[in-house]
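Bear in mind that the values in this text are calculations on the coordinates, not laboratory data. What you are looking at is a predicted structure, and each value in this text was computed from that prediction instead of being measured. Neighbour counts are summed over all protein chains in view; Cβ atoms, including those assigned to glycine, are modelled from backbone coordinates with ideal geometry.
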Amino acid sequence: MSGTTGSANRVTAHALRRELHASRAVPSVITGILVAAACILLFLEAVLKAVGDPPFLIDLEKVAAALGRLPGLLPASVLVPAGLLVFVLGLVLALAALLPGRRARYAVPNARAAVVVDAEILAATLARRARLAAGVGPEQVLVTVGRRRVEVSVRPTSGIPVDAEAVRWAVEEDLRGTVAEPFPTVQVSIAPSGVIGQ
């Protein structure tokens, strides 16, 4: 029985990981296709050059000579932005490969199944809880759910103070029953000006 439970736990953990993390397949495939196409083209051009045939698309010697003359032909105002663009593109590809791509979703504790809730749904639930704790209307509370932090903004009704600590406690209590991983920190801000007639 324990083997079945362990297997079920592994399947659940795998399902949660798949739902919480974005796949890197699409950027990997696109990058691989572009690199493979460039390598095939260079190989073809090198073979054509070796047997003495004319180039298929590009003449490697002319391209190499043009690249060698490029710094002298173009001003620094063009070369520097082009170099920065290539650097940023490389950095984006490296970060996409190394960093875990997290989706805007959270795992909900459940002993029987893998349950995942979207950040927008979680924000709506937390906004309702914050509104009830603050005693204000629905349009007076804005909740933003991030990867590591939940930001709650409350615009109080004029003349009626709002206890930020009570709102934070209510939102954290709701989070404890809803979110298993990752557990975000809660930050509550009360607007200095209130809303009239709410």
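Protection proxy ranking of 166-178, 123-135, by the mean of other Cβ atoms within 10 Å over each peptide's residues and highest first, is 123-135, 166-178.
Calculated on C-alpha atoms, the gyration radius of the range 119-190 divided by its Kirkwood radius gives an Rg/Rh of 0.95. Within the shell of other residues whose beta carbon sits under 12 angstrom from the beta carbon of Val63, the net charge comes to 0, with Lys and Arg scored +1 and Asp and Glu -1. When the Cα gyration tensor is reduced to axis lengths a ≥ b ≥ c, the ratio a/c is 1.5 or higher for the range 23-102, and with a/b not above b/c it is classed as oblate. Taking packing as the residue-averaged number of other Cβ atoms within 10 angstrom, the listed peptides 142-149, 69-76 run from highest to lowest as 142-149, 69-76.
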